[in-house]
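Okay, so here's the structure we're looking at.
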Amino acid sequence: MISTPPALPGLPALDALATVVDEVVTAEAAVPAAEARRVRALAAAGRYAQEAMAGQRSRVRASEMALREVASEIAAATALSDRSVQRQIDEAMTLSSSLPGVVAAWEAGALSRSHVRVIADVGARVPPGRKGEFDRLAVEVSPGLSPGRLRTTLAAMAERLHPTTVTQRHRAAHGRRGVRLVPGTDGTSDLIATLHPVHAAAIYDRLTQQAHALIDLRSGPALDAADEATRVSERPTGEALPDGPDPADERTTDQVRADILTDMLLTAAPAADPTREGDGPGTLGAIRARVQVVVPVLTMLTPESENLAPAELVGHGPVDVATARALAEATTVPWDRVLTHPVTGEVLATDTYHRTAAIDRHLRARDRRCRWPGCTAAAVRCEVDHTRDHALGGATHVGNLAHLCQRHHSQKQFTRWTVHQHPGGVLEWTSPTGRTYLDVPEAYPAAVAFVSTELEGTAADARGEGDVPRADRPVQPPGGEDDGDTLVPPGRRRTHDR
């Protein structure tokens, strides 16, 4: 006999929980079919690109551009990154062709996206001639297994299907080594290195040992009161004890590991540099990191208001004001001053005391990133492109120039996408199917802020303050001048390439 346990004190009855679980299960069952249909649609888009090139002479570049054209059409229509869509098309075509049984089971609701992802990951290691067998086995063993347990089960199956040894496969995999940068949130990013397992383990072990050495040094040997008194008495009067580790250093092992890795990668010269002669750095050791940072002057002057106009690492997102201030104080590279409209934030002009190309400064300040809709590549990594080709009479001025990354520069040249530049640097892109998309330069935060009398009054009352500014009058930002009738804001911000 099965009895229903009583509800715990303070918790609702189990009937309510059962209802919630049923709703989750019902909703979960409706998701796989839609996801599988999307995969089939993306695979069809990839086949369309292939068929479009079927009657033409086979060229890798032309085929790539055909796929880019299709991917960018879908991406623009769905407000996604064209790179992501192209990658999804590739994955959908591979999944549909190599694992048709898995896709069918997914569409029927027997598998979830997590299960399919595990199957595809493990299946990528299976030789093409054994894909069919792996597809059948994966569908058979998946029901009832969690994705984690499924991975273990499939890995053993995949190993038995391999005609080659582990050594042979590891040697081939070593050719896929690389480094990737994945932007994160709240001021962090992931730097991911794919390396030989021995090298990866050795690097991690060395960082760990160095971190432990610093932490042990920071802690120091324990001394009792008598030992400390003896040490002090044995030194001449007035002579201080030697400086030791910073007692305020409370970094964890993970944090120390990250700091040591950053220090070594940014300052050390690689030993494997064929241009190195003697003790000095070669060409590789002389290369310095380059980033593009935008720092509003008002943020520098009033750090507590940084949320209103945060400093920005172009292509990645906001950076804290302390980092921005450290860059401003430490760098020897010239800063570009960017004069902006106090209300709209539009770039009006740039100036500098150094001999640099004024037109490039203006474009770098205006664009900040690649001007393809949705692209986040920093302007310092992009090419300056004539919107109307110079060979067709396009002028070399800011109204006909914009930053495009190498990918989207070549896509503009070799696909049927067209672009027209409107005043203010607004780019109007037209897709091959006739859809239009505007890419507007991102405005800098306005230097003048207007506040509501009602809201400000409520906030002032809560703080116990007196009169508040009138709602029809701008708030004076720090550094501005108010003559009683006209507000003259500073309206200046800085951008910097380092």
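Here, each number is a calculation from the coordinates, and none is a lab measurement. Source: prediction; values computed, not measured. Reconstructed Cβ throughout: ideal geometry from the backbone, glycine too, with neighbour counts over all protein chains shown.
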Under the 7 Å Cα-to-Cβ spin-label approximation, Ala104 and Glu250 lie apart by a distance in nanometres of 6.1 nm
Calc'd 3J(HN,Hα), the stretch 33-41, phi into Karplus 6.51 cos²θ - 1.76 cosθ + 1.60 (θ = phi - 60°), Hz, glycine/Pro = x, comes to 4, 5, 5, 5, 4, 5, 4, 4, 5
Here the gain from full extension of Ala54 to Ala16, 0.36 nm per residue of separation minus their alpha-carbon distance, amounts to 7.8 nm
What the 10 Å binned alpha carbon P(r) of the stretch 350-446 shows, as percent of pairs per bin from 0, is 16, 50, 28, 5, 1
With x for Gly and Pro, the residue-by-residue ³J(HN,Hα) of the stretch 302-313, computed from phi through the Karplus equation 6.51 cos²θ - 1.76 cosθ + 1.60 at θ = phi - 60° and given in whole Hz, is 10, x, 5, 9, 5, 5, 6, 8, x, 5, 10, 8
The FRET efficiency for Val141 and His420, from their Cβ-Cβ distance with R0 = 56 Å and rounded to 0.05, is 0.50
Taking Ile89, Ile215, Ile119, Ile192 and counting other beta carbon atoms within 10 angstrom, the fewest-first order is Ile192, Ile215, Ile89, Ile119
For the stretch 44-114, the convex hull over Cα atoms projects on average to an area in nm² of 5.6 nm²
Scalar couplings 3J(HN,Hα) for the stretch 384-400 by Karplus 6.51 cos²θ - 1.76 cosθ + 1.60 (θ = phi - 60°), nearest whole Hz, x for Gly and Pro, are 7, 10, 6, 4, 9, 3, 4, 5, 9, x, x, 7, 9, 8, 4, x, 10
Here the gain from full extension of Leu438 to Ile192, 0.36 nm per residue of separation minus their alpha-carbon distance, amounts to 85.2 nm
Residues whose built amide H sits under 5 Å from the amide H of Ala377, excluding neighbours closer than 5 in sequence, are Cys370
Most exposed first, judged by fewest Cβ atoms within 10 angstrom, Met93, Met157, Met264 run Met264, Met157, Met93
With label points set 7 Å from each Cα along the Cα-to-Cβ direction at Ile215 and Ala77, the distance between them in nm comes to 5.4 nm
Taking a ≥ b ≥ c as the square roots of the eigenvalues of the Cα gyration tensor, with a/c under 1.5 meaning rounded and otherwise prolate when a/b exceeds b/c and oblate if not, the stretch 14-176 is oblate
Proxy exposure order for His199, His362, His341 (fewest C-beta within 10 Å first) is His199, His341, His362
